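**Q** Quick one: this structure, given as structure tokens, is what I'll be asking you about.
The values are calculated or read from the model by the stated rules, or taken from the named source; none is laboratory data. Just so it is clear, the structure is predicted and the values come from calculations on it, not from any experiment. Don't worry about glycine lacking a Cβ; one is built from the backbone with ideal geometry, like all the others, and counts go over all protein chains shown.
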Amino acid sequence: MLSARVSQWIRRVLVLGALLGIVAVLISWGASGIGHWLMVADPLEPAQAIVVLSGRVPFRAMEAALIYREGWAPEVWLTKEGVRAEEQALGRLGVAVVRDEVYNREALERLGVKPEAIRLLGDGVWNTVDEVRLIARELGRNGGDRVILVTSKAHSRRVRATWAAIVGAWPRVIVRYAEGEPYQSGAWWRNTRDALDVSREVFGLMNVWTGFPVQPDRPERHTPGDQK
């Protein structure tokens, strides 16, 4: 019991520290500056694969297709999110769910990526940490030393930071963001979508820098015979 209370107290302190850090960053950089600061794009280099991180369909896939057509990598890899509680509920109701990776694959093929060049990585992921670990394992299995990760504008700095924290300097990562994605970096507070993105990313960076004390909510799996 004491251990659980200590753990809960530590988590509250870390969350409070993260919130104070957010305030400090906002004061230091200014509201408009932080929107730009979250965006990072590394110079392109030849790599084993281009990876479309889960989310923001179809903008990340569109950017990945452009990079592929320019010849920077021979394959495009897709990650897929774990099955969310909402999808589980729809499945129990017999409602078909079309997942993001299906849309991403179709977008890639329509934009000129050969079907045989598209690979769906098998394990479901719940957050950026899961994605980074999965991609690093795939690179290790295939002897790759460099990969291009395509994500959203506001998410790009956290992707780079997460790779550095989980994988390190090798294999190398090249982070790119989707140019076509709507995002007002200099006025992100003017709409709910961008404001939520910036808030989430700043908090997410604090989570990376403090050693990932906050973990994703992984819903329990249900079968049709489960009792409610």
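**Q** Please identify the pairs in which a residue from region 108-121 that is within 18 Å of THR79 (Cβ to Cβ) has its Cβ atom under 8 Å from the Cβ atom of a residue that is of a type in the set (Lys, Arg) and in a helix (DSSP H, G or I), counting only partners at least 6 apart or on another chain.
**A** So the pair list comes out as VAL113/ARG69; ILE118/ARG105; LEU120/ARG105.
**Q** Next question. Test ALA136 against the criterion of being surrounded by 14 or more Cβ atoms within 10 Å (Cβ to Cβ) and within 18 Å of ALA65 (Cα to Cα), and give yes or no.
**A** It is false that ALA136 is surrounded by 14 or more Cβ atoms within 10 Å (Cβ to Cβ) and within 18 Å of ALA65 (Cα to Cα).
**Q** Filter region 201-217 down to residues that are over 15 Å from TRP37 (Cβ atoms), of a type outside the set (A, V, I, L, M, F, W, C) and surrounded by 14 or more Cβ atoms within 10 Å (Cβ to Cβ) and give me whichever is nearest to the chain's Cα centre (by Cα).
**A** Per the stated criteria, the residue is ASN207.
**Q** What helices (runs of 4 or more DSSP H) lie completely within region 80-199 and have 3 or more residues being under 22 Å from ASP42 (Cα atoms)?
**A** Of the helices (runs of 4 or more DSSP H) lying wholly inside region 80-199, those with at least 3 residues that are under 22 Å from ASP42 (Cα atoms) span 128-142, 156-166.
**Q** From the list ILE34, ILE67, which one is over 14 Å from the mean Cα position of the chain (by Cα), within 21 Å of ALA161 (Cβ to Cβ) and buried (at least 17 other Cβ atoms within 10 Å of the Cβ)?
**A** That would be ILE34, the only listed residue that is over 14 Å from the mean Cα position of the chain (by Cα), within 21 Å of ALA161 (Cβ to Cβ) and buried (at least 17 other Cβ atoms within 10 Å of the Cβ).
**Q** Does region 184-195 contain any residue that is surrounded by 20 or more Cβ atoms within 10 Å (Cβ to Cβ), over 15 Å from the mean Cα position of the chain (by Cα) and hydrophobic (A, V, I, L, M, F, W, C)?
**A** yes
**Q** Looking at this structure, is LEU66 in contact with a helix residue (DSSP H, G or I) (Cβ under 9 Å, 6 or more places away or on another chain), under 23 Å from ASN104 (Cα atoms) and either modelled with pLDDT of 95 or more or of a type in the set (Gly, Ala, Ser) (or both)?
**A** no
**Q** Return only the number of the condition from (1) surrounded by fewer than 19 Cβ atoms within 10 Å (Cβ to Cβ); (2) under 26 Å from SER199 (Cβ atoms) that THR79 does not satisfy.
**A** Only one criterion is unmet by THR79, namely (1).
**Q** OK, next. Name the residue, out of GLN48, GLN88, GLN8, that is at pLDDT 85 or above, out of contact with any Pro (no Cβ under 7 Å at 6 or more places or on another chain) and polar (S, T, N, Q).
**A** Of GLN48, GLN88, GLN8, the one residue that is at pLDDT 85 or above, out of contact with any Pro (no Cβ under 7 Å at 6 or more places or on another chain) and polar (S, T, N, Q) is GLN48.
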